[in-house]
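Remarks on the structure that follows.
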Amino acid sequence: MEKSYDPKQVETRWYRVWSERGYFTASVPAEGRPYAIVIPPPNITGSLHMGHALNNTLQDILIRWRRMQGMNVLWVPGTDHAGIATQNVVEKQLLGEGTSREQLGRERFIKRIWEWKAQSGGTIIDQLKRLGASCDWSRLRFTLDEGLSKAVREVFVRLYEDGLLYRGERLINWCPRCLTALSDIEVEHEDVRGKLYHIFYPLVDDPAVHIVVATTRPETMLGDTAVAVHPEDPRYNRLIGRTVRLPLTLREIPIVGDPILVNREFGTGAVKITPAHDFNDFEAGIRHNLARLSIFDQHARMDPSGMQGAQVDEALRVRLAGKPVHEARAIVVEALDKGGHLAKVEDHAMALGKCYRCKTVVEPFLSPQWFVKIKPLAEPAIKAVEEGRIRLIPESWVNNYLGWMRDIKDWCVSRQIWWGHQIPAWYCRHCNEGAIIQTSPKSYALSSEAKPLVARQAPSHCPDCGHSDPLIQDPDVLDTWFSSALWPFSTLGWPDQTPELARYYPTATLVTGFDILFFWVARMIMMGLKVMGEVPFREVYIHALVRDAEGQKMSKSKGNVIDPLTMMDKYGTDALRFTLASMASPGRDIKLSEERIEGYRNFANKLWNAARFILMNLEGPRAEAPVADRSPVDQWITSRLQKCIDEVNHSLEAYRFDEAGNALYHFIWHEYCDWYLELAKTAMADKDSREAALTRTTLVETFETMLRLLHPFMPFITEEIWQTIKQEGAPLGSAPPAPTKREGAPHAGGSIMVAPYPTPNPALIHDPIEGEIKAIQDLVTAVRDLRGVHGIPISRKLSLSVRVAGVEIHRILDTHRRTIMALAGLSTLTVGKDVAGPAEAATGPILFPGGQPGDLSIDLAGLRDVAKETSQKEKRLKELALRLEQTEKKLSNPDFVAKVPPEVLAKTRGQHQEFRIEYDKLSGELRRLREMGGGAA
RNA sequence: GGGCGGAUAGCUCAGUUGGUCAGAGCGCUGCCCUUACAAGGCAGAGGUCACAGGUUCGACCCCUGUUCCGCCUACCA
């Protein structure tokens, strides 16, 4: 074995072997409790980032753990077609080629995306493999593949038939760049400093009297259809029912009373109503039966025909035509000001909605869309969590979830893009004359009047009029999240009643980040309950975001991205995985730093070298004996191991990956390596003794168990070592009792992946012996402490006297005499009731089980040597002081500095420097020696 | 505006149902190349647990308030 662990060649080798041997493949008929996880499908456009790395590491830990426990494990992998995101990527490519999707046309554009997918869509999958993810790749799914498309259509039709889907003209969030509707949660809000404009609206029959409205969006005033005041506001309520002239237009609009819309305290207490450009106003428009005047087009530019409909002043209309929102605002404000309509402008903080995909400012836009009636779906989803049929971990998310679900609004599921599941609705040309607008030879727009025919397959004729002309399919596609919402059952074969579905649904655990709790998790719960009549998963582990060391969200533009692939190259996959797991404390973001990964790389290397040590020490006889008949040291490490096994299992049950990781780290490094290996060295000093033979057994047995315990976290190095030890011909000790038999499993043993996961054996826990060894450790540490304080190297042997009162402690020290001497570096060790020794030399109290402070005192006879050393050092120090003085004198002599050659001068200066350093060092040492000199003399 | 989370060693964070916990890793200091490992070993220093009150025999932990950070959410035009 090499002296240090080299992950590179190990990782690809073992991943291939695992894969070839079919360890990842689930077997439906196999025994064992089913344990299924569906992967949160990464976007096909994606490349593995730290969030993925964390998410999939945690899933893989659970999967590997459960697999080793003997459960019937299935981890379903897949990718998401990511509608807008993917379309954007390919559109960008087309732009670079000087063409566009419009030029290509729908069919060819979609074909182009599939080509792109064939080429680049597998990147993220390969990267997941790099991470060691033990997914069942034979069941890889894609949200747009045939089976899932079938599921999508089936669900769509069912929802429609149940009256939970409807089409209608509504105000929706519109991205003027992506040219599509967005759902509420696809809009990000950003605080900006805006202005509040106060505008005079004069009364028609009394132009001297006006009402002042306040607005942050003056450009939309051209589409106003009313002004609202509070019906109980004495300032205005007598004006309700009268009309005002809308400045810059030829229109007159009514004043209405609306207690819902109007907040008397805000602004002027009067608010303009623009139903086509504001969500509140849209609702108010319905209440007061107001017209909706759209003055923007789909690019959020001023629409000439819209403005004509709104009777905008001719000259202004010409100026505004085609202007984007911000320019239109300036023009309108200027026009208002010129006309004397602007009362005042004040600063105002407000939130701006932006598209979550492209960050373009979102515009409320009036258009016909498809909506899922969500309340009836939300109610059972609320209950499922309230009743604990689905458990959210950490629990703090429950309130968030419930709050959001109770306040949920209908889900706009139609998108005006091409990449996605086209909506399975068709329209008869004959029955919808006038509602179908041909926009190009091959494309149509459908007004809100069009009557859809929703079906699983394209209808051959119109059932209403009987015409067999091909019907026109709705050009819109579904929100990407619609298909993701079906993921837990669609990936298992639904709508077919597959054996997989019967065996693995509901799945066991969902592991995901909180950022898609509403986008995805909530919708899966709703759809699972609606379609399957059963929750999609029992537990949801919600992990945090990975941030950089400063707590900033990692982003390419900030340049603070720590790339998991780079980290894997540099430190190995196991180190990265262990880092992420150890830092996954619930409810807190992970602030990742490279140093941390480096630290766990060192841990891997530590394990590696422990393995080397074991291999080097396996020569010689081995003996078998029950643990109780082995040495106290062996019993001690076995007992400690049981506790570690217990803690790891319990932590994993509770999704405390951090605690499990820390327990492993501590046990392996600080107990097994730091202490047990050192203790074992003395036990094996006499190679052929029975003690050595038994120690070898314990050494390997413990190590082998440790490897299995660690495997879910660090799959590669554990496998490599496991196999190496086997190849060296060393039997792996008596394997602990297997929690479950592996009979019926699709694969035989041979890999640590399918070895049984350790379970604690309470019979092997031995607290008295743990106390005994703890006493030894304390004693050794006490001596080392004295060495440290006085700077005495381990190479100098000391003579130690220990005075003890108790019989038990006497026995313990006697038993471990040889070990103590070795670890503390002693030449002699005297233990007894009447041992002489000054109490002052003792360290703090060392407590033995049942012992008292003061049971023990230590006399470091070796310290007597200090006196000799002191005098030697003193002599040397005097010498140095003299030479220091001499060179100093030289250097301060102007003649010397001026006349001697530069190289000589430099040399003298260097000498002076050296003398100074040595002098300082020596005097420090001397001071310490003197300090203890009194006690030891 | 509402809600949630955070504030503990120089840095990043643990801290289980109020009573041997004030802890870990990294960093730092000193000593050591002791035949598994210098990516290492041994030892050490560092904290009024944000601030102010309160409950209690006792509070990092519970309650109230304050300050400062994040995040989510929201129609106050």
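A few notes on this one:
- Pairs of Cα atoms farther than 24 Å apart, the stretch A:99-201, %: 60
- Angle in degrees between helix A:632-653 and the longest Cα principal axis of chain A, rounded to the nearest 10: 0
- Compactness of the stretch A:319-455 was expressed as the Cα radius of gyration divided by 2.2 N^0.38 Å, which yields 1.58.
- Each peptide in A:412-423, A:334-345, A:294-305 was scored by the mean count of other Cβ atoms within 10 Å over its residues; highest first, the order is A:412-423, A:294-305, A:334-345.
- Calculated translational diffusion coefficient of the stretch A:656-698 (20 °C, 1.002 mPa s; Stokes-Einstein with Kirkwood radius over alpha-carbon pairs) equals 187 µm²/s.
- All other residues whose Cβ lies under 14 angstrom from that of A:Ala328 are scored, Lys and Arg at +1 and Asp and Glu at -1, for a net of -1.
- Length-normalised contact order of the stretch A:276-417 in % [C-alpha pairs under 8 Å, at least 6 apart]: 20
- Measuring spread by the Cα atoms of the stretch A:23-94 yields a radius of gyration and Dmax of 15.9, 52 Å.
- Residue by residue, the stretch A:436-445 carries 3J(HN,Hα) couplings of 9, 10, 6, 9, 7, x, 10, 10, 10, 10 Hz when phi is fed to the Karplus relation 6.51 cos²θ - 1.76 cosθ + 1.60 (θ = phi - 60°); x denotes Gly or Pro.
- By average C-beta atoms within 10 angstrom, highest first, the peptides A:661-674, A:231-244: A:661-674, A:231-244
- Assuming charge only on the beta carbon of Lys and Arg (+1) and of Asp and Glu (-1), the dipole of chain A about its Cα centre is about 1600 debye to the nearest 20.
- Relative contact order of chain A: 12 percent, from C-alpha pairs under 8 Å at least 6 residues apart in sequence.
- Taking the longest Cα principal axis of chain A as reference, the axis of helix A:690-710 is set at about 10 degrees.
- Space enclosed by the convex hull of the alpha-carbon atoms of the stretch A:347-392, per residue, Å³: 194
- Per residue, the convex hull spanned by the Cα atoms of the stretch A:278-349 amounts to 132 cubic angstrom.
- Measuring between alpha carbons in the structure, the pairs from A:Lys8/A:Lys117; A:Lys681/A:Lys774; A:Lys681/A:Lys797; A:Lys643/A:Lys681 lying more than 20 angstrom apart are A:Lys8/A:Lys117; A:Lys643/A:Lys681.
- Look at the alpha carbon pairs under 8 Å that are at least 6 residues apart: their mean separation over the length of the stretch A:105-239 gives a relative contact order of 9 percent.
- Chain A, helix-only ellipticity at 222 nm - DSSP H runs n ≥ 4, -39,500 (n - 2.57), divided by all residues, nearest 500: -13000 deg cm²/dmol
- Here the Kirkwood formula puts the hydrodynamic radius of the stretch A:382-426 at 13.4 Å, using every distinct Cα pair.
- Structural size metrics of the stretch A:443-510, computed from C-alpha coordinates, are Rg and Dmax of 17.7, 50 Å.
- Protection proxy ranking, highest mean first, for peptides A:162-170, A:432-440, A:705-713, A:766-774: A:705-713, A:766-774, A:162-170, A:432-440, where packing is the per-residue count of other beta-carbon atoms within 10 Å, averaged.
- All Cα pairs of the stretch A:247-372, percent lying beyond 25 Å: 31
- Between the helical axis of A:7-20 and the longest alpha-carbon principal axis of chain A there is an angle of about 60 degrees.
- Loop-located GluC sites (Glu not before Pro) in the stretch A:583-634, at most 16 other Cβ atoms within 10 Å (DSSP): A:Glu619, A:Glu624
- With 5 Å bins beginning at zero, the pair-distance distribution over Cα atoms of the stretch A:166-251 amounts to 3, 10, 16, 17, 15, 13, 12, 10, 4, 0 %.
- The convex hull drawn around the Cα atoms of the stretch A:415-455, when projected onto a plane and averaged over every direction, covers 3.3 nm².
- Too-long pairs where the Cα-Cα distance tops 20 Å, listed order kept, from A:Lys570/A:Lys726; A:Lys195/A:Lys409; A:Lys3/A:Lys606: A:Lys570/A:Lys726; A:Lys195/A:Lys409
- For A:Ala445, the amide hydrogen comes within under 5 Å of the amide hydrogens of A:Ile437, A:Gln438, A:Thr439, counting only partners 5 or more places away or on other chains and with H modelled in the peptide plane.
- With the charge dipole of chain A set up from +1 on Lys and Arg Cβ and -1 on Asp and Glu Cβ about the Cα centre, the Cα lying farthest toward the positive end among the listed residues A:Val262, A:Tyr23, A:Pro488 is that of A:Tyr23.
- Gyration tensor (Cα) of the stretch A:62-146, equivalent ellipsoid semi-axes in angstrom: 36, 12, 8
- DSSP-loop GluC sites (Glu not before Pro) across the stretch A:60-165, with at most 13 other Cβ within 10 angstrom: A:Glu97
- Chain A: radius of gyration and largest Cα-Cα distance (Dmax), Å: 38.7, 119
- Cα pair distances in the stretch A:234-284, grouped into 10 Å bins until the bin that holds the longest one, percent each: 23, 54, 23, 0
Laboratory data are not the source of any read-out in this text; all were calculated from the coordinates shown. On a predicted model such as this, the values are computed, not experimentally measured, just so you know. All Cβ positions, even for glycine, are placed from backbone atoms using ideal geometry, and neighbour counts span all protein chains on display.
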